[in-house]
1. What are the pairs, 6+ residues apart or on separate chains, where a residue within the stretch 146-172 that is β-branched (Val, Ile, Thr) has its Cβ under 7 Å from a residue that is buried (at least 17 other Cβ atoms within 10 Å of the Cβ)?
2. In the stretch 27-45, which residues are surrounded by 19 or more Cβ atoms within 10 Å (Cβ to Cβ) and within 24 Å of the chain's Cα centre (by Cα)?
3. Within the stretch 37-45, does at least one residue satisfy the condition of being of a type in the set (S, T, N, Q), at negative phi, free of Cβ contacts under 8 Å to residues at least 60 places away in the same chain and in a helix (DSSP H, G or I)?
4. Give the residues of the stretch 130-149 that are crowded, with 22+ Cβ neighbours inside 10 Å and assigned to a strand (DSSP E or B), sorted by residue number.
5. Taking the stretch 1-19 as the search range and keeping residues that are in contact (Cβ under 8 Å) with a residue 60 or more places away in the chain and in a helix (DSSP H, G or I), which one is surrounded by the fewest Cβ atoms within 10 Å (Cβ to Cβ)?
6. For the subset of the stretch 160-211 comprising residues that are within 22 Å of Phe149 (Cβ to Cβ) and of a type in the set (S, T, N, Q), which member is modelled with the lowest pLDDT?
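The values are calculated or read from the model by the stated rules, or taken from the named source; none is laboratory data. Since the model is a prediction, treat every value here as computed from it, not as a measurement. Every residue, glycine among them, receives a Cβ derived from its backbone with ideal geometry; neighbour counts consider all protein chains shown.
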Amino acid sequence: MQLLVGLGNPGEKYRNNRHNIGFMAVDAITRRHDFPPFRQKFAGLVSEGTIGGEKVLLLKPQTFMNNSGESVQAAAAFYKLEPEAITVIYDEIDLASGKVRIKRGGGNGGHNGLRSIDPRIGTNYRRVRLGIGHPGHKDRVAGHVLSDFHKSDAEWLDPLLDAIADNADLLLKSDDSGLMNKLAHAVGGDGAERPQRSAPRAESHIHAARQAETKAKVPETGPMAAMLRKLFGDRS
């Protein structure tokens, strides 16, 4: 058996938060692979099924992010799972939105969920880091991760979650490079080169300024004005 853990905060208030992308990924896997409804166990919500012939337990800790380790430890102890059989999916502010990195072991990177998990099961579990972007300043991080995704984020978020669900078998096989390639393709690259949301606004402002400049130079009377109106129409 393998244990796939999605990190997040419980309750409707947090459901669409960036911090809950781990929950969202596990939910997508549940739907795609026809897992039974979640039930309460191990201080979390669990659903058990199979993916590619592999027995899998999906877990969404309900202890709030800072105490995620309690739930993960309880599930791992019950099934006698070593860290090598555990994968944790969570949000990463140091990756651009839609970018994904997968590794085994390492530090917690300041993530409170991992800070809770590491002392309880060790660090040699797999981590699937899903980029949600950085707000630009450390003082804005808490508000950023605890705010909802924007509607425009669906452009990359929905394809990413669908691709994780579609290729969950690669996750279980530890085919990390294969999985990351699939996910990068799903979001149209690795996410690092997508323009920021402000870019379209800046472009439209420039375009509007150029239109205004062109209009200002058009003579209002005389033969030239008549010719231009004939070619381009009266834009007044």
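1. Pairs found: Ile164/Ala25; Ile164/Ala28; Ile164/Ile29; Ile164/Leu183.
2. Start the filter on the stretch 27-45 by keeping residues that are surrounded by 19 or more Cβ atoms within 10 Å (Cβ to Cβ), which leaves 27-30, 35, 42, 44-45.
Correct list: Asp27, Ala28, Ile29, Thr30, Phe35, Gly44, Leu45.
3. In the first step, residues of the stretch 37-45 are kept if they are of a type in the set (S, T, N, Q); the result is 40.
Cutting the leftovers down to at negative phi gives us 40.
Cutting the leftovers down to free of Cβ contacts under 8 Å to residues at least 60 places away in the same chain gives us 40.
Of the ones still in play, those that are also in a helix (DSSP H, G or I) are none.
No, every residue in the stretch 37-45 fails to be of a type in the set (S, T, N, Q), at negative phi, free of Cβ contacts under 8 Å to residues at least 60 places away in the same chain and in a helix (DSSP H, G or I).
4. Hits for the stretch 130-149 are Leu130, Gly131.
5. Tyr14
6. Result: Ser198.
Quick grid of which residues meet (1) surrounded by 19 or more Cβ atoms within 10 Å (Cβ to Cβ); (2) more than 17 Å from the chain's Cα centre (by Cα):
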site: Gln73; (1), (2): no, yes
site: Glu84; (1), (2): no, yes
site: Val88; (1), (2): yes, no
site: Asp94; (1), (2): no, no
site: Gly105; (1), (2): no, yes
site: His111; (1), (2): yes, no
site: Arg115; (1), (2): no, yes
